[in-house]
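The values are calculated or read from the model by the stated rules, or taken from the named source; none is laboratory data. Here the structure is a predicted model, which means the values were calculated and not measured. All Cβ positions, even for glycine, are placed from backbone atoms using ideal geometry, and neighbour counts span all protein chains on display. Note: accessible area is taken over every heavy atom of the protein model, side chains too, but ligands, DNA and RNA are not part of it. Shrake-Rupley method; radii C 1.70, N 1.55, O 1.52, S 1.80 Å.
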Amino acid sequence: MVVFLNAVLAKRYANPSSDVIEILAGLDNVDTVLLDLVGVLDAAIKNGRILLVRKGAVRVALAIISGAYQTVLISYFTQKDLFPSLIKLVQDLEDPTESQEPLVLIALLANHNKFEMHNPYHVRLEDFANEPTIQKTAMSIGKACMTLRDRYIAIQEDAPASWSIGSTLSYIGLKRPSTPVHSEEEAKTLFAEQPDSGVAILLAAYEFAHANKLFCFAFVDTSAGEKIKTAPLSYYLSLMSYLFQHAHRSVRASLYAHLSLFILQILIEEPTIAKQMCEISSPVRLCRQRPPFLPLFSGDRPLAATMLDVIVDGINHNLRKRLDTDFYILSIGILLRMIIYLSKTHTRMSYHWSELWRSLLAFVRFLTAYVDDLKNVPGTDRLIHDLLGLLTFAMTTGEAFLPDPASYDDLFYKLVETGETLTKLRDVYSLDKSSSSTSINTLIGVSKHYTALIEEQKAKSKSLSPREISKIIKQGYETFSIETREGLDRWDKYREADHKATLKKIARVAVADAKVLVS
């Protein structure tokens, strides 16, 4: 049936709905035949005598849904509720990696026409409260993310080499490396094909996260019944880091990068989950396939710190003249939400903050250097406004979340170094006349104040050591008051309707990937 349906539904028809119905059932018998078919599939998924039959029924349903997503055939799956049967199958499968297809099927059904009409599967997701099954679902998605990440590693091994007899023999050519070494062009082609079609599972992660708070907690939790206590979010963040470094290679990869940011934003906006991310530590493998590299960190550290690294890596590796402003607005927004949480709760998280400030200020320099290319790109004004708001908030509240005074001094020193660039940014984008005027003028004012102090000391001593500059910065706190701008600690809660066009594009890509899964 899967082979037959793939062949029938792959053809292009003048009138897709009526032509497919005529082939499968005949217009006169369509309701009887298709409702019977969906009923039989539902029974087979729920009570099939062996797992092979139950999984096969899922593949038949997935072949119909993915092949006829824009036709009326989907309405027969909304009339007959498959959700309990699909969830029961997920519950019964011992290996979490086998849950991929039923979860993708749930995601496609929950996503279908949800902006235009009432979707019963979306309601099911909201009401779903079976905690053990939710934990299993979260772990299934996490393990799928690990498999998708390993596809990138199979193309280019990026783990820092540690000394061993095997690595020494490989170096001198006496031992064949486990990962094949591809030429630059071969690697580029292979990376462009990633992520694998199984990445449609991210749509399931999104639908569950958006509809169900219990799933969000399970996704970050480490008590999902595994022998090794690893949060599903650890695998998810690892995949994100690889996806972000290669997001520019295709529209498809870029859309999944957007989807992964939506999921992260939904998670981080829940204070209890933000707290979990700061408290739960786990080792996470982050991508190191393209420079610039962030400092290598081995061992456990808070998931929140890993998340910051993933976002910073995304900012560093997607700088293009045709800038994906939506990607950067989402990334800056997630950073702001995390820093606001840390500041309000006075959580002093150990993290290489200097790398975050360096990346954000390098991004300021990029925006200034390519003003002619970026000025008219939709979303640039909003992006600059959010970026300056983030820097201003960090500067005015740094004492509340940075781990020590030296980290706070470092932020001020970096702002002083970027003073001329900030002034240029204000001038070339006419920010004096925009909503960003207060933030940019505050940053420039701080930079000018400290530059004047440093120049004054230089007049007395020709060269200043880093320690002397640090001392000047500390003294500068006493002679300069920073005006705290109202509203910097506010953000708009995630709303699907704001991203309707992007989510529809993502759904089309996920449908195409689901077709590949059952082809």
Would you check if Asp373 is more than 24 Å from Arg467 (Cα to Cα) and out of contact with any Ser or Thr (no Cβ under 7 Å at 6 or more places or on another chain)?
-> yes
When both residues are 6+ apart or on different chains and their Cβ atoms are under 6 Å apart, which pairs have a first residue that lies in the range 426-440 and is in contact (Cβ under 8 Å) with a residue 40 or more places away in the chain, and a second that is among the small types (Gly, Ala, Ser)?
-> Leu431/Ser437; Ser439/Gly389
Could you tell me whether any residue of the range 358-381 is free of Cβ contacts under 8 Å to residues at least 12 places away in the same chain, open to solvent by 10 Å² or more (accessible area, probe 1.4 Å) and assigned to a helix (DSSP H, G or I)?
-> yes
List every residue pair whose Cβ atoms lie under 8 Å apart, where the two residues are 6 or more positions apart in sequence or sit on different chains, the first residue falls within the range 38-67 and is without any contact (Cβ under 8 Å) to a residue 12 or more places away in the chain, and the second residue, located anywhere, is surrounded by 21 or more Cβ atoms within 10 Å (Cβ to Cβ) and in a loop (DSSP other than H, G, I, E, B).
-> none
Residue, most open to solvent (accessible area, probe 1.4 Å), within the range 168-208, restricted to residues that are modelled with pLDDT under 95, among the polar types (S, T, N, Q) and in a helix (DSSP H, G or I) | Thr189
Qualifying positions in the range 311-326 - in a helix (DSSP H, G or I), closer than 17 Å to Lys505 by Cβ and either out of contact with any Ser or Thr (no Cβ under 7 Å at 6 or more places or on another chain) or open to solvent by 40 Å² or more (accessible area, probe 1.4 Å) (or both) = Asp326
Limited to the range 341-357, what total is found for residues that are part of a helix (DSSP H, G or I) and open to solvent by 10 Å² or more (accessible area, probe 1.4 Å)?
-> 6
Filtering the range 485-503 down to residues that are part of a loop (DSSP other than H, G, I, E, B) and surrounded by 13 or more Cβ atoms within 10 Å (Cβ to Cβ), which residue is modelled with the highest pLDDT?
-> Tyr494
Residue pairs qualifying under the 8 Å Cβ cut-off, at least six apart or on distinct chains, with the first in the range 172-196 being more than 18 Å from Gln245 (Cβ to Cβ) and the second being outside any loop (DSSP other than H, G, I, E, B) and modelled with pLDDT under 85, are Lys175/Gly166; Lys175/Leu169; Arg176/Ser170; Pro177/Ser170
Ser260: closer than 17 Å to Ser234 by Cα, assigned to a loop (DSSP other than H, G, I, E, B) and either within 14 Å of the chain's Cα centre (by Cα) or of a type in the set (S, T, N, Q) (or both), yes or no?
-> no
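Per-residue answers, yes or no, for (1) within 25 Å of Asp326 (Cα to Cα); (2) in contact with a Phe, Trp or Tyr (Cβ under 9 Å, 6 or more places away or on another chain); (3) part of a loop (DSSP other than H, G, I, E, B):
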position: His210; (1), (2), (3): yes, yes, no
position: Leu214; (1), (2), (3): no, yes, no
position: Thr230; (1), (2), (3): no, no, yes
position: Ser254; (1), (2), (3): yes, yes, no
position: Ala274; (1), (2), (3): yes, yes, no
position: Gln289; (1), (2), (3): yes, yes, yes
With a cut-off of at least 2 residues that are over 22 Å from Ser519 (Cβ atoms) and open to solvent by 20 Å² or more (accessible area, probe 1.4 Å), name the helices (runs of 4 or more DSSP H) lying wholly within the range 1-84.
-> 16-24, 30-47, 75-79
Consider only pairs whose beta carbons are under 7 Å apart and that are at least six residues apart or on different chains; among these, list those whose first residue lies in the range 243-263 and is of a type in the set (D, E, K, R) and whose second residue is open to solvent by 20 Å² or more (accessible area, probe 1.4 Å) and outside any helix (DSSP H, G or I).
-> none
Identify all residues within the range 60-98 that are at pLDDT 90 or above, polar (S, T, N, Q) and under 29 Å from the mean Cα position of the chain (by Cα); write none if there are none.
-> Ser66, Gln91
Is there any pair linking a residue in the range 400-419 that is farther than 20 Å from Phe366 by Cβ and charged (D, E, K, R) to one that is in a helix (DSSP H, G or I) and open to solvent by 50 Å² or more (accessible area, probe 1.4 Å), with Cβ under 7 Å and at least six apart or on different chains, and which?
-> Asp409/Lys474
Since Cys287 meets every condition but one in (1) surrounded by 19 or more Cβ atoms within 10 Å (Cβ to Cβ); (2) in contact with a strand residue (DSSP E or B) (Cβ under 9 Å, 6 or more places away or on another chain); (3) within 18 Å of Cys145 (Cα to Cα), which condition does it not meet?
-> (2)
Residues Leu303, Leu391: which one is in contact with a strand residue (DSSP E or B) (Cβ under 7 Å, 6 or more places away or on another chain) and buried (at least 18 other Cβ atoms within 10 Å of the Cβ)?
-> Leu303
